[in-house]
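For reference, the structure discussed in these notes is given below.
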Amino acid sequence: MTRPVTVPAGVSGAGEPRPHPAWLPPQAWRPLGVRRVVVHGDGLLVDTVFAEVAQACAAHGGRVDRTGTDGASAVDPVDLVLALRDPGPLPSAVPAAVTAGPTPDGPLGDEGFLLTRVDDVTVVLADAPAGLLYGLFHLVRLGEAAHTGDHPARAHRPALRRRMLDHWDNVAVHPVMGQVERGYAGGSIFWRDGGPRGDRDRLRAYARLLAACGVNAISVNNVNVGLTEARLLTDRLDDVVDLADLLRPYGIRVHLSVTFAAPVVLGGLPTADPLDDGVRDWWESTTRRVYARIPDFGGYVVKADSEGQPGPFSYGRDHADGANLLAAALAPHGAVVHWRAFVYDHRQDWRDRTTDRARAAYDHFAPLDGRFADNVVLQVKFGPVDFQPREPVSPVIAAMPATRVAVELQVTQEYTGQQWHACYLAPWWHEVLAFRPWGPAERSVTDVLADVPGPGPHRGGDLVAVANVGDDPFWCGHPLAQANLYAFGRLAWDPGLAADAILDEWIDLTFPASTVGDPALVRETLHAVLDDSWRTYERYTAPLGVGFMVNPAGHYGPGVDGYEYSRWGTYHFADRDGVGVDRTCATGTGFAGQYPPPWSQVYESLERCPDELLLFFHHVPYSHVLHSGVTVIQHIYDTHFAGVAEVVAMRDRWTRLAGVIDQAVYDRVVERFDEQLRCATEWRDQVNTYFFRKSGVPDARGRRIH
Ligand code: GCW
């Protein structure tokens, strides 16, 4: 049973180091905590709101009361009201002007809230407890501004209904991938050495941080499901119940990654064939048992027929058969299955030029559009290959108008510096979400996910990301990687937010002015370091969208030919004359033709293809002149020298914060910058030398190439 929450007071469980407060330090609560506050309404999440306000007031000298059913309270006068509109009368402290006015732009829904300020009273109204919780965190974000001047009534609602993090955390330590697959922040916050980790304070603190940026769903185990993890669905369900209880007070629903072979490996059935009645019954009864324990369980995440995971192909069935099987078991409970579209041949022969991994998701799934049940969410990686620092947006998003789609981002920095490199990813995600698959006058990716009407059917969907959190004291290894987690939640709530505005929010919360020596310098430095850091990373790594020049052992650092003769389908085809993958319809793999016009034509055309994606779509000679006016080979040299110079500048900028911010944060970032510079230099030298040796073309500016 879930009890009302005890707000984490900053002290962690026995023997555990206290984690960094991230974007909820006590000082961020001060503007709210000095007020006279009334909380009105019932329910678990209203209890959370009350507990949060009470803690803030206890710390900062304010007062809070909860109204009775008659709307009366002991606090009078009142500066702030947080109230559910239903049931019963609103607290008398709500100014008449607020109650009289209509809600701007329609109903508030399950998670929305209305914020206004008149007659010196700030009012947050919601129709459901989650709305009140999000309203509370919005006040924290606004700080003092929430309590000054007049605010015309404004409704706030999330653009996307599910804002979800997938943890690739293993219960049992995997011999190769460890406790967290592609995790760069220590161990798992959920699991340790085969069982629950048991740090309940940290989990509560995590739930709270996530709610404060808008996340409302978590999958708690890796999509590669081992035998131990499979059992979370059955005899290890208690562990999941426990997590659900901890996360629920912050409006977060738990999801599980399950293995498609569960009926065989857990149920002892001879088959997992999706059309078999026994298999269907097994999933239905197993799912019923989950709901008996976790009534608000979110659903399943499935990686099937992918990188060795079992799936419907083994039974001659397709992925609509597979996904619909689980969807049918979940439908009576109002839940969804996130079915991943990351299906490709991971045993490709590098000699085979007819197979193109980029094509695979579309080839598998586009023909199935219209066959998926309403509660299937097809989870598509944002790009066609694999979370590279630069890829075109996946054509699958536009190809499946009759299917719900979730776009999957990667907050964990598998291919973007593994939380040793400062790489603020919000500008990149913003670009992905703003992409208009049908051309500039048509809907964007956000519109597709948010269910904005357009021509043809449309179903709406989710934004999902692979989490970057572990048991590290700074949560993310790199303290500045916290900004990525925060930005993911905020973009999922409001994909229209600008990356630099999100960074400002994060700076204000994480480094409150009262806690740092020189707030203006902190802001200026963090912007200087982070605003362009993704592009800097791109500059010193694989050029012009070609991707996958990483070291195959761990995906960190350069390995230009590391994947060139492998089975993974990620090649750059560099030779003495040129580099890049011909994905045109005219002479290549035809991938460009998977886009609707105008993008199919833009990408097909050597002249029109954007520079940053040139080598993703075309194989060109080193002498090819880019739109920027320089040749491909000179671009490679220039960007690699520039990228490293930028890292030097970032590192130098950071040192200005010595003595200005928290010493531990400062030191950890210094350590990370030293490594980023070492690694970026290695990237520069290996990439430049590689292409100099291949092409024989010297650097026009005569810089040192080894
Ligand atoms: O990017 C790749 C990773 C794998 C991961 C896979 C996936 C969980 O290298 O570690 O497996 O993607 O998304 O399933």
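The values are calculated or read from the model by the stated rules, or taken from the named source; none is laboratory data. Bear in mind the structure is a predicted one, so any value in this text is a computation, not a measurement. Here the Cβ positions follow ideal geometry from the backbone for every residue, glycine too, while neighbour counts run over all protein chains shown. Please note that ligands, DNA and RNA were not included when accessible areas were found on the heavy atoms of the full protein model with its side chains. Shrake-Rupley method; radii C 1.70, N 1.55, O 1.52, S 1.80 Å.
Condition check ((1) at pLDDT below 95; (2) open to solvent by 20 Å² or more (accessible area, probe 1.4 Å); (3) closer than 17 Å to Ala212 by Cβ) across all residues:
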{"position": "Glu111", "(1), (2), (3)": "no, yes, yes"}
{"position": "Leu114", "(1), (2), (3)": "no, no, no"}
{"position": "Leu125", "(1), (2), (3)": "no, no, no"}
{"position": "Tyr134", "(1), (2), (3)": "no, no, yes"}
{"position": "Phe137", "(1), (2), (3)": "no, no, yes"}
{"position": "His147", "(1), (2), (3)": "no, no, no"}
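Looking at Arg248, Arg204, Arg231, can you tell me which residue is under 20 Å from Asp110 (Cβ atoms), away from the ligand (no atom under 16 Å from the Cβ), open to solvent by 20 Å² or more (accessible area, probe 1.4 Å) and assigned to a helix (DSSP H, G or I)?
On the way: Arg204 fails: under 20 Å from Asp110 (Cβ atoms); Arg231 fails: under 20 Å from Asp110 (Cβ atoms).
The match here is Arg248.
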> Name the residues in segment 416-427 that are surrounded by fewer than 22 Cβ atoms within 10 Å (Cβ to Cβ) and closer than 19 Å to Phe382 by Cβ, would you?
Replying inline: Pro427
> With (1) closer than 22 Å to Leu133 by Cα; (2) open to solvent by 40 Å² or more (accessible area, probe 1.4 Å); (3) of a type in the set (A, V, I, L, M, F, W, C) as the list, and Ala513 as the residue in question, which single condition is left unmet?
Replying inline: (1)
> Name the pairs whose Cβ atoms lie under 6 Å apart, with the first residue in segment 395-414 and among the small types (Gly, Ala, Ser), the second surrounded by fewer than 24 Cβ atoms within 10 Å (Cβ to Cβ), and 6 or more positions between them or separate chains?
Replying inline: Ala398/Pro437; Ala398/Pro596; Ala399/Tyr362; Ala399/Ala366; Ala402/Asp369; Ala402/Gly370; Ala402/Pro457; Ala406/Asp462
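Tally up the residues in segment 363-380 that are out of contact with any strand residue (DSSP E or B) (no Cβ under 8 Å at 6 or more places or on another chain) and either in a loop (DSSP other than H, G, I, E, B) or crowded, with 24+ Cβ neighbours inside 10 Å (or both), please.
So the first thing to find is which residues in segment 363-380 are out of contact with any strand residue (DSSP E or B) (no Cβ under 8 Å at 6 or more places or on another chain), and the list is 363-364, 366-371, 373.
Filter once more, so that each one left must be either in a loop (DSSP other than H, G, I, E, B) or crowded, with 24+ Cβ neighbours inside 10 Å (or both): 369-371, 373.
Here the count works out to 4.
Looking at Val258, Val279, which is the one that is in contact with a helix residue (DSSP H, G or I) (Cβ under 8 Å, 6 or more places away or on another chain), in contact (Cβ under 8 Å) with a residue 12 or more places away in the chain, of a type in the set (Val, Ile, Thr) and more than 13 Å from Ala328 (Cβ to Cβ)?
On the way: Val279 fails: more than 13 Å from Ala328 (Cβ to Cβ).
Only one candidate passes the filter, namely Val258.
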>> Restricting to segment 176-196, name every residue that is surrounded by fewer than 24 Cβ atoms within 10 Å (Cβ to Cβ), away from the ligand (no atom under 16 Å from the Cβ) and under 30 Å from Arg141 (Cβ atoms).
In response: Gly186
> Where in segment 120-172 are there strands (runs of 3 or more DSSP E), lying fully within it, with 3 or more residues that are basic (Lys, Arg) and at positive phi?
Replying inline: none
> Here are some conditions: (1) more than 16 Å from the ligand (Cβ to nearest atom); (2) among the aromatic types (Phe, Trp, Tyr); (3) modelled with pLDDT under 95. Tyr344 meets all but one. Which one does it not meet?
Replying inline: (1)
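Of everything in segment 47-71 that's among the polar types (S, T, N, Q) and not in a loop (DSSP other than H, G, I, E, B), which residue is farthest from Gly33 (Cα to Cα)? Full working, then the answer.
Taking segment 47-71 and keeping what is among the polar types (S, T, N, Q), we get 48, 55, 67, 69.
Cutting the leftovers down to not in a loop (DSSP other than H, G, I, E, B) gives us 48, 55.
Working: Thr48: 15, Gln55: 8 Å.
The residue in question is Thr48.
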> What are the residue pairs meeting all of these: first residue in segment 560-589, first residue within 12 Å of Gly547 (Cβ to Cβ), second residue of a type in the set (Val, Ile, Thr) and surrounded by fewer than 19 Cβ atoms within 10 Å (Cβ to Cβ), Cβ atoms under 7 Å, and 6 or more apart or on different chains?
Replying inline: Gly569/Thr355
>> Checking the conditions here, which among Pro95, Pro107, Pro77 is crowded, with 16+ Cβ neighbours inside 10 Å and not charged (D, E, K, R)?
In response: Pro95
>> Take the residues in segment 349-362 that are under 16 Å from Pro392 (Cβ atoms) and out of contact with any Phe, Trp or Tyr (no Cβ under 6 Å at 6 or more places or on another chain); name whichever of them is least open to solvent (accessible area, probe 1.4 Å).
In response: Ala361
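Within segment 68-83, identify whether any single residue is under 30 Å from Ala406 (Cα atoms), touching a Ser or Thr at 6+ places or on another chain (Cβ under 8 Å) and among the polar types (S, T, N, Q), and answer yes or no. Working first, answer last.
Our first condition is that a residue be under 30 Å from Ala406 (Cα atoms); within segment 68-83, this holds for none.
Within segment 68-83 (the criterion being under 30 Å from Ala406 (Cα atoms), touching a Ser or Thr at 6+ places or on another chain (Cβ under 8 Å) and among the polar types (S, T, N, Q)), the answer is no, since none of the residues qualifies.
Rundown of residues vs (1) under 17 Å from Phe137 (Cβ atoms); (2) of a type outside the set (Gly, Ala, Ser); (3) in contact with an Asp or Glu (Cβ under 9 Å, 6 or more places away or on another chain), yes/no style:
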{"position": "Pro77", "(1), (2), (3)": "no, yes, yes"}
{"position": "Ala83", "(1), (2), (3)": "yes, no, no"}
{"position": "Asp86", "(1), (2), (3)": "no, yes, yes"}
{"position": "Ala93", "(1), (2), (3)": "no, no, yes"}
>> When the residues of segment 251-288 are narrowed to those that are open to solvent by 30 Å² or more (accessible area, probe 1.4 Å) and among the acidic types (Asp, Glu), which ends up nearest to Ile189 (Cα to Cα)?
In response: Glu284
>> Given the criterion in contact with a Gly (Cβ under 8 Å, 6 or more places away or on another chain) and open to solvent by 10 Å² or more (accessible area, probe 1.4 Å), identify the matching residue among His319, His346, His333.
In response: His346
>> Return the residues of segment 293-316 that are open to solvent by less than 40 Å² (accessible area, probe 1.4 Å) and within 16 Å of the ligand (Cβ to nearest atom); say none if nothing qualifies.
In response: Tyr300, Val301, Val302, Lys303, Ala304, Asp305, Ser306, Gln309, Gly311
>> Condition first: in contact with a Lys or Arg (Cβ under 8 Å, 6 or more places away or on another chain), within 15 Å of the ligand (Cβ to nearest atom) and among the hydrophobic types (A, V, I, L, M, F, W, C). Now tell me which residues in segment 543-593 satisfy that.
In response: Trp568
>> List pairs: first residue in segment 521-536 and closer than 14 Å to Pro427 by Cα, second residue aromatic (Phe, Trp, Tyr) anywhere in the structure, Cβ distance under 8 angstrom, at least six positions apart or on different chains.
In response: Val529/Trp654; Leu530/Tyr424; Asp531/Tyr424; Ser533/Tyr424; Trp534/Tyr424; Trp534/Trp428
>> Of everything in segment 611-620, what is under 18 Å from Thr639 (Cα atoms) and open to solvent by 50 Å² or more (accessible area, probe 1.4 Å)? Give them in sequence order.
In response: Glu612
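Residues checked against (1) open to solvent by less than 10 Å² (accessible area, probe 1.4 Å); (2) not in a helix (DSSP H, G or I); (3) not acidic (Asp, Glu):
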position	(1), (2), (3)
His640	yes, no, yes
Glu646	no, no, no
Gly659	no, yes, yes
Thr689	no, no, yes
> For His478, which of the numbered conditions (1) under 23 Å from Glu682 (Cβ atoms); (2) open to solvent by 10 Å² or more (accessible area, probe 1.4 Å) fails to hold?
Replying inline: (2)
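Please find, among Val173, Val241, the residue that is surrounded by fewer than 23 Cβ atoms within 10 Å (Cβ to Cβ) and free of Cβ contacts under 8 Å to residues at least 24 places away in the same chain. Give the derivation first.
On the way: Val241 fails: free of Cβ contacts under 8 Å to residues at least 24 places away in the same chain.
Result: Val173 is the single residue among Val173, Val241 that is surrounded by fewer than 23 Cβ atoms within 10 Å (Cβ to Cβ) and free of Cβ contacts under 8 Å to residues at least 24 places away in the same chain.
So that you can scan it fast, the table gives a plain yes or no per residue for (1) touching a strand residue (DSSP E or B) at 6+ places or on another chain (Cβ under 9 Å); (2) over 17 Å from Gly580 (Cβ atoms):
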residue: Glu612; (1), (2): no, no
residue: His619; (1), (2): yes, no
residue: Val632; (1), (2): yes, no
residue: Gly643; (1), (2): no, yes
> Quick check: anything in segment 603-610 in contact (Cβ under 8 Å) with a residue 40 or more places away in the chain and open to solvent by 10 Å² or more (accessible area, probe 1.4 Å)?
Replying inline: no
